[in-house]
Each structure stands twice: as C-alpha cells, then as structure tokens.
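The values are calculated or read from the model by the stated rules, or taken from the named source; none is laboratory data. Note that this is a predicted model, so its numbers are computed, not measured. Heads up, the Cβs are rebuilt from the backbone with ideal geometry, glycines too, and the neighbour counts pull from every protein chain shown.
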C-alpha cells in the first residue's frame, strides 16, 4: 500500500532559502529569503523545484529584515499573506502607476488580494520577520512586475527571458 503522505512533507531547515528568486531582490528594499515549498516555481529562478507538488495552491515562506520585501507586481490568481511574526505592510493599487494604498498586518492577520491587483509586501517592523504566502490555483502562472521595477532591475543587471525567468 502506498503512503498517502509520500512526497507531501517538508521540514523547515531541510532546504536553503533562495535570496535571489525574483529580479527585484537586487534592488534596495528587495532583499529577502524565500522558501518555495508547495507548487510550481512562481519565482524567476528556473532551477527552483519546490519539494511538494501543486495541489490547487502554492505555498512559500518569506523572511526579511526591516524595510525589505517585494516590489510592486501582480498575479492572475489570488495571493494570501499571513504574517508569522512581525508587522508586514502590503502596498497595493488598481494599476501599476495608480495611487498606492497600504494595509498593515500583524502576526496571524490574513489578507487575500484578488487577481490583477498590483501588490507588494514589506517588513514594517523593527526586527527580522517571517511571512507565509499562498498563491491560488493549480497553475500560478508568472507574475508581472510594474514597469519601474523591470527598468530598475535591468539597471542592476537582472533581466527576464521570454519565459519570465532570470536571464543568464
């Protein structure tokens, strides 16, 4: 009889985080450690292969120092944020160049951002903090960066190929 949990357990510490999974990690305020745990690699490093297969959602953990996180981007799916520690600010807008609003989450708060809303996240606390991120759907697709992030990342030497992966 097959073990129904075979390939469905990940233990923190068994894998090293990826500090360069997205092009914006080269930008000021973009430094973070990322563990892709469940689902396809929604990141831009082609070599990442999450240990647990997708199952209607994708799961990652983020760790960042104060002031760091992700720059403005969007997904074609829902993205859920749950701070495991610290305070996290979630800037968001209707368009890439629209008026930025922000919600601040405390530990264990939950925010579900709908598809096609521009969003980012930032450790708004005074200490290193952790954030759980869930991306919905069997196919999480590729994310889309605000044009200003693409331009700044290119100036920092990080560009994407035609498939949305960091170009060598």
inquiry  = Kindly evaluate residue 72 against the criterion of being in contact with a helix residue (DSSP H, G or I) (Cβ under 8 Å, 6 or more places away or on another chain) and more than 14 Å from residue 124 (Cβ to Cβ).
reply    = yes
query = So which residues in the stretch 1-26 are surrounded by fewer than 19 Cβ atoms within 10 Å (Cβ to Cβ) and in contact with a strand residue (DSSP E or B) (Cβ under 7 Å, 6 or more places away or on another chain)?
reply = 7, 8, 10, 15, 17, 19
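Yes or no, residue by residue, for (1) touching a residue at least 24 places away in the same chain (Cβ under 8 Å); (2) over 14 Å from the mean Cα position of the chain (by Cα); (3) crowded, with 19+ Cβ neighbours inside 10 Å; (4) in a strand (DSSP E or B):
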{"position": "81", "(1), (2), (3), (4)": "yes, no, yes, yes"}
{"position": "89", "(1), (2), (3), (4)": "yes, no, no, yes"}
{"position": "104", "(1), (2), (3), (4)": "no, yes, no, yes"}
{"position": "119", "(1), (2), (3), (4)": "yes, no, yes, yes"}
{"position": "122", "(1), (2), (3), (4)": "yes, no, yes, yes"}
{"position": "135", "(1), (2), (3), (4)": "yes, no, yes, yes"}
{"position": "140", "(1), (2), (3), (4)": "yes, no, yes, no"}
{"position": "153", "(1), (2), (3), (4)": "yes, yes, yes, no"}
{"position": "164", "(1), (2), (3), (4)": "yes, yes, no, no"}
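When you scan the stretch 34-52, how many residues do you find that are assigned to a loop (DSSP other than H, G, I, E, B) and surrounded by 22 or more Cβ atoms within 10 Å (Cβ to Cβ)?
Taking the stretch 34-52 first, the residues assigned to a loop (DSSP other than H, G, I, E, B) are 39-51.
With the extra rule that they be surrounded by 22 or more Cβ atoms within 10 Å (Cβ to Cβ), the set shrinks to 39, 42-44.
Number satisfying all stated conditions: 4.
Within the stretch 124-133, restricting attention to residues that are farther than 20 Å from residue 100 by Cβ and in contact with a strand residue (DSSP E or B) (Cβ under 7 Å, 6 or more places away or on another chain), which residue is surrounded by the fewest Cβ atoms within 10 Å (Cβ to Cβ)? Quick ask: steps written out before the conclusion?
Applying the first criterion (farther than 20 Å from residue 100 by Cβ) to the stretch 124-133 yields 126-130, 132.
From what's left, in contact with a strand residue (DSSP E or B) (Cβ under 7 Å, 6 or more places away or on another chain): 128-130, 132.
Working: 128: 14, 129: 22, 130: 18, 132: 16.
Checked the stretch 124-133; the qualifying residue surrounded by the fewest Cβ atoms within 10 Å (Cβ to Cβ) is 128.
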key: Failed item in (1) without any contact (Cβ under 8 Å) to a residue 60 or more places away in the chain; (2) not in a strand (DSSP E or B), with residue 127 passing the rest   = (1)
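Going by the conditions given, is residue 31 surrounded by 12 or more Cβ atoms within 10 Å (Cβ to Cβ), touching a residue at least 60 places away in the same chain (Cβ under 8 Å) and assigned to a loop (DSSP other than H, G, I, E, B)? Talk me through it step by step, then tell me what you get.
On the way: surrounded by 12 or more Cβ atoms within 10 Å (Cβ to Cβ): yes; touching a residue at least 60 places away in the same chain (Cβ under 8 Å): no; assigned to a loop (DSSP other than H, G, I, E, B): yes.
No; evaluated as a whole, the condition is false for this residue.
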query = Is it the case that residue 112 is surrounded by fewer than 12 Cβ atoms within 10 Å (Cβ to Cβ), free of Cβ contacts under 8 Å to residues at least 60 places away in the same chain and either over 14 Å from the mean Cα position of the chain (by Cα) or in a strand (DSSP E or B) (or both)?
reply = yes
request  = Kindly indicate the residue of the stretch 53-70 that is modelled with pLDDT of 95 or more and over 10 Å from the mean Cα position of the chain (by Cα) and also surrounded by the most Cβ atoms within 10 Å (Cβ to Cβ) among those meeting that condition.
outcome  = 64
query = Of all residues in the stretch 91-102, how many are surrounded by 12 or more Cβ atoms within 10 Å (Cβ to Cβ), over 16 Å from the mean Cα position of the chain (by Cα) and in a strand (DSSP E or B)?
reply = 2
